[in-house]
Amino acid sequence: DLFRPLLADPKEPRNGLDYRGARAIDSDAESSVGYPGQMAGVTVGGNLGVWARKTSACHGLQVSLIGGVFAQFNLDAPSRDLMNADYVIGGQIAMRTNRISGRIRAFHQSSHLGEDFFHQQPSASDPNFGFQALEGLVSLDGERWRAYGGAGYLWFMNYEGTSALVHAGAEFRARDLLFAMVRPVAGIDVTSLQSREWGLTTSATGGVEWTSPAETRRMRLV
């Protein structure tokens, strides 16, 4: 991809598995009954390039389809109940000139609570949540460091309302391999929504990355 996928963004389409500790943040103790302390996440997705015009590996324009499924499961339940699944589909235009790259995305997200979640949370309401989004990001890529930022807009489906969005982050990738096998990586991703009074949502990650000699495929443990 001309625009390298974001390392720390939890909604970046990719393939992966994760384990997480969780806690209910609702102040009502009754609403947190049955809420899991251990969860698993399964992500399946990616970018599919459909058209490109490149003059070199570092110059060009590319149009892609994007899609992904982000599911969360309750590991404390005997049947590993599905709690929620987010479905994302859309399109992307990416461009690059040397170390400056950018992308514009238009996508739809639809979120659906799992049936087993309602058995544990009978008071839950508004089971389906969705929005359309338009977002643009610009990235400055160095040999080891990367910084990106941009803005967007959301149109909510289930209730009247819109929201501006600010999105930024930074990444580090070591140039030298450890044990001639893996490369240390780290990243932080921050978003802020007008509809949430510009409160910050932060995701940070760090670990190691395996790559092929051509770096066309990457596998991470973070």
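Brief remarks follow.
- Tyr148, sole failed condition from (1) in contact with a Lys or Arg (Cβ under 8 Å, 6 or more places away or on another chain); (2) at pLDDT 95 or above: (1)
Rundown of residues vs (1) closer than 19 Å to Ser111 by Cα; (2) surrounded by 19 or more Cβ atoms within 10 Å (Cβ to Cβ); (3) among the aliphatic types (A, V, I, L, M); (4) more than 16 Å from the chain's Cα centre (by Cα), yes/no style:
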site	(1), (2), (3), (4)
Met39	yes, yes, yes, yes
Asn47	no, yes, no, no
Val50	no, no, yes, yes
Gln72	yes, yes, no, no
Tyr87	yes, no, no, no
Ile93	no, no, yes, yes
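- Hey, Arg80 open to solvent by 30 Å² or more (accessible area, probe 1.4 Å), touching a residue at least 12 places away in the same chain (Cβ under 8 Å), charged (D, E, K, R) and on the phi > 0 side of the Ramachandran plot or not: yes
- First in the stretch 139-158 and touching a residue at least 24 places away in the same chain (Cβ under 8 Å) and closer than 21 Å to Asn128 by Cβ, second anywhere and among the hydroxyl-bearing types (Ser, Thr, Tyr) and open to solvent by 30 Å² or more (accessible area, probe 1.4 Å), Cβ under 6 Å, 6 or more apart: Trp155/Thr162
- Test: residue in the stretch 167-178 that is over 27 Å from Tyr19 (Cα atoms) and more than 21 Å from the chain's Cα centre (by Cα): yes
- When every residue of the stretch 86-99 is checked against the conditions, at least one turns out to be over 30 Å from Gly161 (Cα atoms), modelled with pLDDT of 85 or more, part of a strand (DSSP E or B) and among the hydrophobic types (A, V, I, L, M, F, W, C).
- Pairs with Cβ under 9 Å, 6+ apart, first in the stretch 100-121 and under 19 Å from Ile66 (Cβ atoms) and aromatic (Phe, Trp, Tyr), second at pLDDT 90 or above and open to solvent by 50 Å² or more (accessible area, probe 1.4 Å): Phe107/Ile89; Phe107/Gln132; Phe107/Leu134
The values are calculated or read from the model by the stated rules, or taken from the named source; none is laboratory data. It should be emphasised that the depicted structure is a prediction, and the values quoted were computed from it without experimental measurement. Note that each Cβ is placed from the backbone with ideal geometry, even for glycine, and that neighbours are counted across all protein chains shown. Side chains are part of the model used for accessible areas, which takes the heavy atoms of the whole protein and leaves out ligands, DNA and RNA. Shrake-Rupley method; radii C 1.70, N 1.55, O 1.52, S 1.80 Å.
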